[in-house]
1. In this structure, is Lys157 of a type in the set (D, E, K, R) and within 14 Å of Met69 (Cα to Cα)?
2. When you scan the stretch 67-182 for helices (runs of 4 or more DSSP H) that lie fully inside it, which ones turn up with 2 or more residues that are over 25 Å from Ser24 (Cα atoms), in contact with a Phe, Trp or Tyr (Cβ under 8 Å, 6 or more places away or on another chain) and modelled with pLDDT under 95?
3. May I ask you to list the residues in the stretch 140-182 that are in contact with a strand residue (DSSP E or B) (Cβ under 8 Å, 6 or more places away or on another chain) and surrounded by fewer than 17 Cβ atoms within 10 Å (Cβ to Cβ)?
4. Which residues, counting only those in the stretch 1-24, are within 12 Å of the chain's Cα centre (by Cα) and charged (D, E, K, R)?
5. With Thr29, Thr85 as the choices, which residue is under 21 Å from Ser129 (Cα atoms), surrounded by 18 or more Cβ atoms within 10 Å (Cβ to Cβ), hydroxyl-bearing (Ser, Thr, Tyr) and touching a Lys or Arg at 6+ places or on another chain (Cβ under 8 Å)?
6. If you go through the stretch 5-21 one residue at a time, do you hit one that is touching a residue at least 60 places away in the same chain (Cβ under 8 Å), assigned to a loop (DSSP other than H, G, I, E, B) and surrounded by 13 or more Cβ atoms within 10 Å (Cβ to Cβ)?
7. Quick one: is Leu48 of a type outside the set (Ser, Thr, Tyr) and on the phi > 0 side of the Ramachandran plot?
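The values are calculated or read from the model by the stated rules, or taken from the named source; none is laboratory data. In this text the structure is predicted, and so the values were computed from the model without any measurement. In this analysis, Cβ positions are derived from the backbone assuming ideal geometry, glycine residues included, and neighbour counts consider all displayed protein chains.
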Amino acid sequence: MMVNVYAPFLLTHLLLPLLQKSQSARVVTVSSDSHKMGGVLIYDDFDLKNNYSLTRSYGLSKLYVIWIMRHFIKFTESKGIKNITFNCVHPGSTMSNLGRESTKYWLFKIVAFLWIPMMNSMEDAARPSITCATYKELEGVTGKYFGPKGEEKPSEKYYTEEGEQKIWDYCTRITTEFLQNY
């Protein structure tokens, strides 16, 4: 959760004063289509200390990134900030070292070998992020989810406003000491 959720949450908060000074700013956060595999939320165990699995942890972290992006829109609007857009992207299936520390890494290697013909190149994986950050056509577009083929719809299977608020509040608690010292 630290890198996938808390880091972009904290970094975005820390950058808000600078982004507000811009005529037009874009925050693009990387999620994953694996957000669909997160499963049912356990509100008293966001860090999965009692119910950990690599797949579930990764899926939930990428789901939370989407919810946090949505909440940043509400947060900035409530503060009267109108010049910042927030979007999420996913790179598609891409060869990476995800799972290399897992005791089941051998399984990842087998699956990766079988999937190689369907995986994106690193250039294709980077395209959604670059597109969202730079394309003039996306100026002012906010709250969207993009993949290698353009705009997509993220899964709403587990979404609730309550869940979004709870993960926002949890991230706020986790990062409070860093936000206070800045």
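1. Taking the combined requirement at face value, the residue does not satisfy it.
2. Answer list for the stretch 67-182: 161-180.
3. Quick first cut of the stretch 140-182, residues in contact with a strand residue (DSSP E or B) (Cβ under 8 Å, 6 or more places away or on another chain) only: 140-148, 151-154.
Gly140, Val141, Gly143, Glu151, Glu152, Lys153, listed by residue number.
4. Answer for the stretch 1-24, where residues must be within 12 Å of the chain's Cα centre (by Cα) and charged (D, E, K, R): there is none.
5. One residue alone meets the criteria, Thr85.
6. Going residue by residue through the stretch 5-21, those that are touching a residue at least 60 places away in the same chain (Cβ under 8 Å) are 5-6, 8-10, 12-14, 16, 19-20.
From the residues that got through so far, the ones that are assigned to a loop (DSSP other than H, G, I, E, B) too are none.
There is no residue in the stretch 5-21 that is touching a residue at least 60 places away in the same chain (Cβ under 8 Å), assigned to a loop (DSSP other than H, G, I, E, B) and surrounded by 13 or more Cβ atoms within 10 Å (Cβ to Cβ).
7. Here the answer is yes, as Leu48 does meet what is asked.
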